[in-house]
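Input: a single structure, listed below in structure tokens.
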Amino acid sequence: MLADLEAINARLPLAQGGGLFKLTIKDGKWSTVEAQEEIVVSDGHVPISKLNFEELRTAREIDLQGRVLLPGFVDVHMHLDKAYSITHVRNRSGTLLEAIENYRSVTPTFSKESIRERIVKAALRAASFGSLTLRSHLDVPFHLGREVAMRTVEAALEAREMVKDFVDIQYFPMYFYDPAQERRLTDFAEETLRMGIDGIGGAPHLAPDPEAGIRWAFQLATGFDRQIDLHCDESDDPELKTIDVYCDQVQLHGYSGRATAGHLCSLSAMAQKEADRLIAKMAEAGIGAVTLPAVNLYLQGRGDQGNVRRGLTRVKELMKAGVPVAAASDNIQDPFHPFGRGDMLQIGLITAYAAHLAGEEDIVTLLKMLTNLPATIAGVPEYGVSAGNPASFVVFDGMSGEELFQELPATRWVYNKTRWIYASELKRQWTDLLSSAVTVSL
Ligand SMILES: [Zn+2]
């Protein structure tokens with residue numbers, strides 16, 4: 001039987017040897033993955049750069065001419081509901097506190113439709129850069145009223161339905177634990193989980209009683225058998241250590257491999273001995289870590305002068321201890337971070353600078369922080385370019401892993417859910433492909 005697609009001269013930097021491969025896809029799955037000795041010249045295979053989007057979608061034999069192919073990026077920590085809100089809400093001081101306050105003050109004015117539109121735009125743009133699994137935290141300010149909090153949840157679920165043929169999204173609402181409202185908050189959280197929310201999020205270091213908040217999150221997670229992903233210690237204060245209690249709870253509930261800690265900024269600020277203790281504890285507990293370099297560089301160290309702290313967690317030390325560390329986007333064009341576009345190559349480049357991961361031997365590590373490691377953290381099944389797995393990938397107009405960070409190639413071709421879904425040169429295609437009434441400008 002004929003394959004649906006055959007591609008020659010694909011460079012796979014994540015594969016053994018990082019060399020060239022001939023690949024075939026059948027029924028949306030990788031059928032064969034065969035190493036090539038060298039570039040193959042074939043009259044039958046059309047160079048991908050010569051095909052427009054329509055031609056690409058019907059082509060059966062293509063030549064990647066040595067271009068890099070990666071499994072779709074997994075952006076495991078985003079805030080899709082806040083993305084692109086910066087025109088409505090600013091942050092003059094550049095601090096986390098002002099971002100939270102300003103965002104909270106305008107939240108009740110956002111309609112469900114406007115939140116939904118921002119999520120669709122952010123998700124599709126991310127997919128256009130090659131991110132095919134997204135995990136988004138959601139702002140659910142229950143203290144502003146149940147209706148306000150539920151608005152975001154409904155918008156998020158509707159948006160996911162609209163983009164489901166292009167990109168997968170997991171949602172982890174940031175439930176803000178307040179003992180005075182415990183019963184009502186638990187009712188609300190349980191309802192959202194029944195509606196289709198995936199896991200439990202939160203930022204216990206911002207709550208008056210972080211320990212109680214973490215225990216409550218585990219009650220909810222274990223009751224519904226869901227993953228937990230908490231913002232941890234997003235601060236320059238070395239005394240903030242909610243990760244300590246988080247590790248205890250992960251061990252108590254047997255949540256190894258199902259719990260994620262984002263940020264961990266204070267880990268960088270504390271003394272070496274204490275950081276060593278916590279890193280070893282995280283490794284033993286089996287917690288995954290996510291570094292959010294763009295947002296940390298923007299929000300942290302705002303109280304410092306001279307040698308300003310950069311906020312980033314101890315990426316190399318965590319990895320050396322065996323903790324899986326992913327890099328992710330966090331906020332995009334909102335008061336928490338005015339820049340970004342959901343492009344994991346850009347995040348990889350910022351990580352390379354901020355975590356000193358720029359040696360030749362670090363390139364594969366960086367690529368893994370955007371692909372395999374977040375895929376493990378997010379529990380993406382059958383991930384990667386190997387026979388039997390879903391063919392879900394991005395091809396770059398670059399010839400090596402290093403060149404991806406040198407050039408941030410604008411031209412990308414993205415394949416997911418049994419077909420090509422995007423080619424960079426045709427930016428209007430999302431609107432053509434979306435059957436719904438939403439208008440998205442990219
Ligand atoms: Zn975040």
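The values are calculated or read from the model by the stated rules, or taken from the named source; none is laboratory data. What you see is a predicted model, and the numbers here were worked out from it, not measured in a lab. Positions of Cβ are generated from backbone atoms using ideal geometry, with glycine treated the same way; all protein chains shown enter the neighbour counts. Just so you know, the surface numbers come from the protein's heavy atoms only, side chains and all, with ligands and any DNA or RNA stripped out. Shrake-Rupley method; radii C 1.70, N 1.55, O 1.52, S 1.80 Å.
Summary of computed values
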{"item": "Relative contact order of segment 172-321, pairs being alpha-carbon contacts under 8 Å that are 6 or more residues apart, as %", "result": "19 percent"}
{"item": "Packing-based ranking, highest mean first, of 242-251, 78-87 given that Cβ atoms within 10 Å are counted", "result": "78-87, 242-251"}
{"item": "From the C-alpha gyration tensor of segment 73-358, square roots of 5λ in Å", "result": "26, 23, 19"}
{"item": "Under 22 Å between alpha carbons - lysine pairs in segment 73-358 that sit 8 or more apart or on different chains", "result": "15"}
{"item": "Pairwise centroid distance, computed over Cα atoms, of segment 297-329 with segment 1-68, Å", "result": "38 Å"}
{"item": "Residues whose placed amide H lies under 5 Å from that of residue 73, excluding near-sequence neighbours", "result": "131, 132"}
{"item": "Carbon and sulfur %, accessible surface of the chain computed with the full protein complex present, 1.4 Å", "result": "49 percent"}
{"item": "Ranked packing of 356-364, 319-327, most packed first, by mean Cβ within 10 Å", "result": "319-327, 356-364"}
{"item": "Segments 92-104, 127-139, 31-43, 383-395 sorted - mean Cβ within 10 Å per residue, highest first", "result": "127-139, 383-395, 92-104, 31-43"}
{"item": "Most mobile listed residue (268, 49, 329) in the chain, GNM with C-alpha springs under 10 Å", "result": "49"}
{"item": "Over segment 73-358, relative contact order from alpha-carbon pairs under 8 Å, at least 6 apart, %", "result": "21 percent"}
{"item": "Summed side-chain charge close to residue 47 - residues other than residue 47 whose Cβ falls under 13 Å, Lys, Arg +1, Asp, Glu -1", "result": "-3"}
{"item": "Rounded Å value of the spacing that divides the Cα centres of segment 92-171 and segment 208-257", "result": "23 Å"}
{"item": "Accessible surface, per residue, of the chain when the full set of protein chains is kept, probe 1.4 Å, Å²", "result": "41 Å²"}
{"item": "Rg [Å, one decimal], Dmax [Å, integer] - segment 191-278, C-alpha atoms", "result": "13.3, 44"}
{"item": "Net charge of neighbours whose Cβ lies under 14 Å from the Cβ of residue 219, counting Lys and Arg as +1 and Asp and Glu as -1", "result": "-2"}
